[in-house]
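The values are calculated or read from the model by the stated rules, or taken from the named source; none is laboratory data. These numbers come from a predicted model, not from an experiment. Positions of Cβ are backbone-derived with ideal geometry, glycine not excepted, and every protein chain shown enters the neighbour counts.
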Amino acid sequence: MIEALYRQYFHDVFLYLKALSKNDDIAEELTQETFFRAMKHVDGFHGDCDVRVWLCQIAKNAYFSYCRKNKHLTGEDIPETVPDAAPALESVLEDKQAVLSIHKILHDMKEPYKEVFTLQVFGELSFRQIAELFGKTENWAAVTFHRAKLKILDELEESK
């Protein structure tokens, strides 16, 4: 079972951890750790949420453990999500300098905005999956993402 999960969800978990850590090597190491933990605790999975959500929760815990061990955790590592109505953030993401600016803004952003934004944009999770991670509604995830996106866009405008 774990082998099939590994093949199917490795890329998703890796992208999620890469979004959190901003480092390919750390993301790869923690992805391996995530599946190791999943294998050890597969009996605890009862199917009451999507498998991807369960794996991302394990990944998030692995990342937090890694940060505590390496003293990198700031407590604000994950942003909220942002709606599609605001100006095209995707076009801004194509510019590397703008990406750096966005990461700086995210670093100072409060939770849950930071985490929801990171999960949606960098982790490529749906609002439904984000809602399951937080134990909230899909609407909450979308609104939180929208507010984070507006904050980022405001900060980018102010820095011009």
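Numbers below:
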quantity: Criterion violated by residue 15 - all others in (1) surrounded by fewer than 21 Cβ atoms within 10 Å (Cβ to Cβ); (2) touching a residue at least 40 places away in the same chain (Cβ under 8 Å); (3) touching a helix residue (DSSP H, G or I) at 6+ places or on another chain (Cβ under 7 Å) satisfied; calculated: (3)
quantity: Test for residue 110: is it charged (D, E, K, R), at pLDDT below 85 and surrounded by fewer than 14 Cβ atoms within 10 Å (Cβ to Cβ); calculated: no
quantity: Filtered residues of region 34-53 (kept if without any contact (Cβ under 8 Å) to a residue 40 or more places away in the chain and either within 15 Å of residue 17 (Cβ to Cβ) or not in a helix (DSSP H, G or I) (or both)); calculated: 34, 35, 36, 37, 38, 41, 45, 46, 47, 48
quantity: Those residues of region 115-153 which are at pLDDT 85 or above and either charged (D, E, K, R) or in the same structural domain as residue 60 (by TED's automatic domain parsing) (or both), in sequence order; calculated: 115, 128, 132, 136, 138, 147, 149, 151
quantity: Complete set of residues in region 1-33 that are in contact with a Lys or Arg (Cβ under 9 Å, 6 or more places away or on another chain) and either within 24 Å of residue 136 (Cα to Cα) or outside any helix (DSSP H, G or I) (or both); calculated: 9, 12, 13, 16, 17, 20
